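Q: Got a structure for you, written out below as structure tokens; questions coming shortly.
Read-outs: derived from the displayed coordinates by stated rules, not from any lab. Keep in mind that this is a model prediction, so the values were computed, not measured. Because the Cβ atoms are built from the backbone with ideal geometry, glycine has one as well, and the counts that use them run over all protein chains shown.
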Amino acid sequence: MLTLTEIAELVNGVVVGDENKVITDLASLKTAKQSSLSFYNDTKQAQLLFACQAGVVLLRKEHSTLYSGNKILVKDPYLAYAQVSQKFKDISCESRGIHEKALISHNAAVHPTASVGAYSIVDQGVQIAEGVRLGTNVRIGANSVVGANTVIEDNVVIYARSSIGERCCISSGAIIGASGFGYAPNSQKWEKIEQLGAVKIGNDVDIGANTTIDRGTLDDTIIGNGVKLDNQIQIAHNVQIGDNTIMAGCVAVAGSARIGQRCCFGGRVSVLGHLEIVDDVTVYSNGFVCNSIRQKGEYASMIPVQKVSVWRRTVANINRLEYLAKKIKALGKPENDR
Amino acid sequence: MLTLTEIAELVNGVVVGDENKVITDLASLKTAKQSSLSFYNDTKQAQLLFACQAGVVLLRKEHSTLYSGNKILVKDPYLAYAQVSQKFKDISCESRGIHEKALISHNAAVHPTASVGAYSIVDQGVQIAEGVRLGTNVRIGANSVVGANTVIEDNVVIYARSSIGERCCISSGAIIGASGFGYAPNSQKWEKIEQLGAVKIGNDVDIGANTTIDRGTLDDTIIGNGVKLDNQIQIAHNVQIGDNTIMAGCVAVAGSARIGQRCCFGGRVSVLGHLEIVDDVTVYSNGFVCNSIRQKGEYASMIPVQKVSVWRRTVANINRLEYLAKKIKALGKPENDR
Amino acid sequence: MLTLTEIAELVNGVVVGDENKVITDLASLKTAKQSSLSFYNDTKQAQLLFACQAGVVLLRKEHSTLYSGNKILVKDPYLAYAQVSQKFKDISCESRGIHEKALISHNAAVHPTASVGAYSIVDQGVQIAEGVRLGTNVRIGANSVVGANTVIEDNVVIYARSSIGERCCISSGAIIGASGFGYAPNSQKWEKIEQLGAVKIGNDVDIGANTTIDRGTLDDTIIGNGVKLDNQIQIAHNVQIGDNTIMAGCVAVAGSARIGQRCCFGGRVSVLGHLEIVDDVTVYSNGFVCNSIRQKGEYASMIPVQKVSVWRRTVANINRLEYLAKKIKALGKPENDR
């Protein structure tokens, strides 16, 4: 529950309208009620703005005339909305303190302001900093470190010797520090290479549900500050990800790949092992990166679906491209083509 | 253990042979014994039917003469087999009642016929309807609702405020209602947009192992009635999936996509965000949907593997398609080509 | 902590230098200290070897002169390193014995040398052999069997009637034996086919974090001896995988596919259902296998990313391949082309 004055302060904006109006919830332009705050960022939504019932709308100065209700003028309505959303986060179901059914090793150091949910296990040598919240059925392996105000949700497993920074959020089912996938061929079998490294995660990192980050072989797997990983991402051993890089769901990065800062990967991007990707590289959804990328910019490799009948002919033509290319070469022969 | 008469009643079929014959197990035509029921649906299996030892075979009237043993004549043997299979489901390991090591909030309403496994946690405000079965190490977050006769298997996490319908089955490791992946750029960092919506799941929905369904940003993520989701599927925030749509393993649907009814997605299909797919669309395995699909039908976009030596030349030719196209244009110039 | 003599015995090598030198850790050539063992396998690393500070390096006889410090001459340095690594495995955080917060059914047979972690559940009829270690929050379903010296890490779920061999390692979050994905169409809905088979896993199998292996419909899903599966792999019902086959992260294999021995799949390979792949087939990362592979060898089908501007033209040209092919045919007509 915030007044327009309080919201304007939070987002560094200017109220036009009733400054004492109280906002109790957030909503899209379409579903907003008199109690709601909404935002206008996309000129395709001008019709929705016109008909909007929101108690207040965040918008840019130049769009001010498009809405007759209460408004707060800001530079970047989407960012302002993000900032407001954090005040409306649902905290009703948070556990507080150490649950009596949690198991804490006598050798673990858990800060008195931290909370640990039922049936969670904190092993020996673990350090849990102030304000940390662990969900239920969580395991924190021996000698791991969890930084201040980090949230680790239900059924997460953190293997031994992992290091998690401050203000991180790790969603349910994520597995941090499982064994990397390393084998040496031995006759026709595979000999396990024990994975003796760890996982080091910076500050302000988010990790999605059921995402897996393997520990390193000898050196560590390293996730930089401010990295955001969506659900079901697979990060293999010894990968390094630079600060503020963001990856959508189901991305997979193979062993020892090094990814720069501020990169942006769409869903299901694949990166092969031992590659380097420089800073500020964007890879579109489902892109297949099998060589190092040494130049910043945008990359892609996926083919959109077609009707199956059309696609079958396309595949047939792709499969005879070599023939078509030779044919073209033969047709152009008189001109002495390459 | 059922007699042929009981089975015929169940599947609306006609017994030809010993009506009192007792069936104790199900098997394929190849492995069936005298105690087994099998079914014949595929004319490629005529040889197997001929040699079959089953106590009874479900088949179509027109195939009746192909089998000399006991048989039950039905319209659709595969469907009839599905119906029988439900009677032979293994229930020996079901837990019953509230396990003494389960934690139930005093403010939760758990129907007396429901069961909750060991080390599971049911939070405040949760409503669990009749006949619900929760496995072990399950977490049901605050104020969630679980409809009658739904089964939630071991190590599933249901976040707060989720709504699950009746007769659903959620397999182990599924995560329902984790935070959607929403950030606003703020200088060179990412500002979290708190995800304040929930997940609403209809009746008769199946959700596979380690599948993740994120909660909505403001509005809810909605899964319709009769939807069937296989393992390791990722459904992002605010997605809507229409009734009776079915998706095979590893499908990923990005944020705010709206998918119609009775759609059928092969494994590993990808759908980008904010798209619409109409009813009755089939997308073949690994298809990449990056535009809305407004016409029902079948779609595809994947290229089959080739021998690596051949494939390398194919890729080289794909990468010089622009050159080849220009060459063709030049060759055809006299005819005033497009 | 091993002496060079002990290490040489282990890897069947010959010490050149101080046989009593004690090694306490493993490291790469770059980060090795006087206490470390390292290995030299790749002639691209000759510079690193030259500057290396390791207490001992494993290398081939023919490279012996490249390093002036202590060395152990071996046939295959990478394999020798793998064997040494197993002696340096971190065992400090292992639980021992049956934790007082573990629940063991009175009808389960747990060998006295086995250990079971806190909040784990071992159901009725389960057999746990000698030396088995179960992590925390693990569920072993009724009548399952776990072979000698197998390790099952935290938050793993093994469904009822599964069979796991000896010396296996199953990483956290893996789900073994969830229901296969089988439905018969019934009007416009889907009728569940109950999955009555099980999962059978051989000896020396590794299974990665959050990998899922479904139980069979009637017959079993079968994983051969020595199979190595990385994280987030999906194995559908009734799949059979031959001995010593290895699969990198995010591979998906659809129902009833049969995969041979000693196959090698890169990350994110997809295999459609009901196919057969013979022994010794390698499929490169992200390859799409939609037909049986009857000849051993290497297969691929993925297109590398390009700059988006280039890629857009490539896709446009792929989509008009049919037109280009016709054009070529028309141009070549006088020569009576196919």
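Q: Compactness ratio of region B:268-338: Cα Rg over 2.2 N^0.38 Å, N = residue count? List each step's numbers first, then the result.
A: Values: Rg = 17.7 Å, N = 71, 2.2 N^0.38 = 11.1 Å.
Rounded to two decimals, the normalised Rg is 1.59.
Q: Using just the helices of chain C, give the 222 nm mean residue ellipticity in deg cm²/dmol: DSSP H runs with n ≥ 4 each add -39,500 (n - 2.57), and the total is spread over all residues, rounded to 500.
A: Value at 222 nm, helices only, nearest 500: -4000 deg cm²/dmol.
Q: Grab the other residues whose beta carbon is less than 12 angstrom from that of C:C250, score K and R as +1, D and E as -1, and report the net. Walk me through the intermediate numbers first.
A: Numbers: positive: A:R268, B:R268, C:R268; negative: C:D230.
Neighbour charge sum, excluding C:C250 itself: +2.
Q: Say each of B:D279 and A:E276 gets a label point 7 Å from the Cα, pointing the same way as Cα to Cβ; how far apart are those two points in nm?
A: With each label point 7 Å from Cα toward Cβ, the separation is 5.6 nm.
Q: Could you list the square roots of 5 times each eigenvalue of the Cα gyration tensor of region A:2-88, that is, the equivalent ellipsoid semi-axes, sorted largest first and rounded to whole Å? Could the numbers behind the result be given before it?
A: Numbers: eigenvalues 55, 37, 30 Å².
Semi-axes (√(5λ), whole Å): 17, 14, 12.
Q: With the dipole of the protein assembly as shown worked out from charges on the C-beta (+1 for Lys and Arg, -1 for Asp and Glu) around the Cα centre, which of A:Q188, C:Q295, B:V122 lies farthest toward the positive end?
A: Ranked along the dipole, the leading option is C:Q295.
Q: Name the residue from A:A142, A:A109, A:S179 whose Cα lies farthest towards the positive end of the charge dipole of region A:88-200, charges +1 on Cβ of Lys and Arg and -1 on Cβ of Asp and Glu.
A: The listed residue farthest towards the positive side: A:S179.
Q: Relative contact order, percent, of region A:16-84 when contacts are C-alpha pairs under 8 Å separated by at least 6 residues?
A: Value for region A:16-84: 29 percent.
Q: Looking at region B:156-299 from every direction and averaging, what is the projected area of its Cα convex hull in nm²? Walk me through the numbers before you get to the answer.
A: On the way: hull surface 32.2 nm².
Mean orientational projected area (region B:156-299, Cα hull): 8.1 nm².
Q: Do you know the relative contact order of region A:161-232, to the nearest whole percent, from alpha carbon pairs under 8 angstrom that are 6+ apart?
A: Values: 180 pairs, mean separation 26.7, N = 72.
Taking the mean separation of contacting Cα pairs over the length of region A:161-232, I get 37 percent.
Q: Same structure again: In whole angstrom, note down how far apart the Cα centers of region B:32-103 and region A:250-272 are.
A: Region B:32-103 and region A:250-272 have Cα centres separated by 46 Å.
Q: Over chain B, what is the mean sequence separation of C-alpha contacts under 8 Å (at least six apart), divided by residue count, expressed as relative contact order in percent? Write down the numbers at each step before the final one.
A: On the way: 919 pairs, mean separation 21.5, N = 338.
Contact order relative to length: 6 percent.
Q: Report D for region C:172-231 in µm² per second (integer): Stokes-Einstein, Kirkwood Rh on Cα pairs, 25 °C, 0.890 mPa s.
A: Details: Rh = 12.6 Å.
In µm²/s, the coefficient is 194.
Q: Here's a follow-up. Taking a point 7 Å out from Cα toward Cβ as the label site, list the nm distances between B:Q188 and the same residue in every other copy, smallest first.
A: 5.4, 5.4
Q: Using label points projected 7 Å from each Cα along Cα→Cβ, tell me how many nm separate C:V310 and B:N319, to one decimal.
A: In this crude label model, C:V310 to B:N319 measures out at 0.7 nm.
Q: Put the label 7 Å from Cα along Cα→Cβ for C:K307; what are its distances to the other copies, in nanometres, shortest first?
A: With the label placed 7 Å along Cα→Cβ, C:K307 yields 3.6, 3.6 nm.
Q: Here is a follow-up. Compactness ratio of the protein assembly as shown: Cα Rg over 2.2 N^0.38 Å, N = residue count? Could you put the intermediate results ahead of the total?
A: Numbers: Rg = 29.8 Å, N = 1014, 2.2 N^0.38 = 30.5 Å.
Computed over Cα atoms of the protein assembly as shown, the ratio equals 0.97.
Q: Mind checking the dipole of the protein assembly as shown: about its Cα centre, +1 per Lys or Arg Cβ, -1 per Asp or Glu Cβ, Debye to the nearest 20? Mind dumping the intermediate values first?
A: On the way: 105 positive and 96 negative charges, 828 e Å.
For this selection, approximately 3980 debye.
Q: Stick to the Cα atoms of chain A, pair each with every other, and give me the Kirkwood hydrodynamic radius in Å at one decimal.
A: Kirkwood radius, chain A: 23.6 Å.
Q: May I ask you to list, by number, the DSSP H helices of chain B whose Cα span along the axis is at least 20 Å and whose average Kyte-Doolittle hydropathy reaches -1.0 or more? Please list the in-between numbers first.
A: Values: long enough: none.
Counting only whole DSSP H runs, no helix qualifies.
Q: Might you report the magnitude of the Cβ-based charge dipole of chain A about its Cα centre, with Lys and Arg at +1 and Asp and Glu at -1, to the nearest 20 debye? Walk me through the numbers before you get to the answer.
A: On the way: 35 positive and 32 negative charges, 331 e Å.
Dipole of chain A, to the nearest 20 debye: 1580 debye.
Q: Amide H to amide H under 5 Å from A:I207: which residues, 5+ apart in sequence or cross-chain, H placed 1.01 Å off N in plane?
A: Amide H neighbours of A:I207: A:C169, A:I170, A:S171, A:L229.
Q: Tell me the label-point distance for the pair B:N291, B:K329, using the 7 Å Cα-to-Cβ offset, in nm and rounded to one decimal.
A: Taking the simple label geometry, B:N291 and B:K329 are separated by 2.0 nm.
Q: Still on this structure, I have one more. Which net charge results when you count Lys and Arg as +1 and Asp and Glu as -1 among the other residues whose beta-carbon is under 12 Å from that of C:A148?
A: On the way: positive: C:R133, C:R167; negative: C:E130, C:E166, C:D204.
Net charge around C:A148: -1.
Q: How big is Rg to Rh over region B:56-142, alpha-carbon atoms, Rh as the Kirkwood inverse-mean-distance radius? Present the calculation step by step, with values, prior to reporting the outcome.
A: Details: Rg = 21.1 Å, Rh = 16.0 Å.
Computed over Cα atoms, the ratio is 1.32.
Q: How many nanometers, to one decimal and shortest first, lie between the label point of B:N107 and those of its other copies, if labels sit 7 Å from Cα toward Cβ?
A: 4.0, 4.0
Q: Do me a favour and compute the ellipsoid semi-axes for region C:143-194 from its Cα gyration tensor, root of five times each eigenvalue, largest one first, whole Å. Could you put the intermediate results ahead of the total?
A: Values: eigenvalues 202, 27, 10 Å².
In descending order the semi-axes read 32, 12, 7 Å.
Q: If you don't mind, there's one more thing I want to ask. Rounded, prolate or oblate: which fits region B:213-254, taking a ≥ b ≥ c as square roots of the Cα gyration tensor eigenvalues, rounded meaning a/c under 1.5, else prolate when a/b beats b/c?
A: Working: a/c = 2.71, a/b = 1.32, b/c = 2.06.
Verdict is oblate for region B:213-254.
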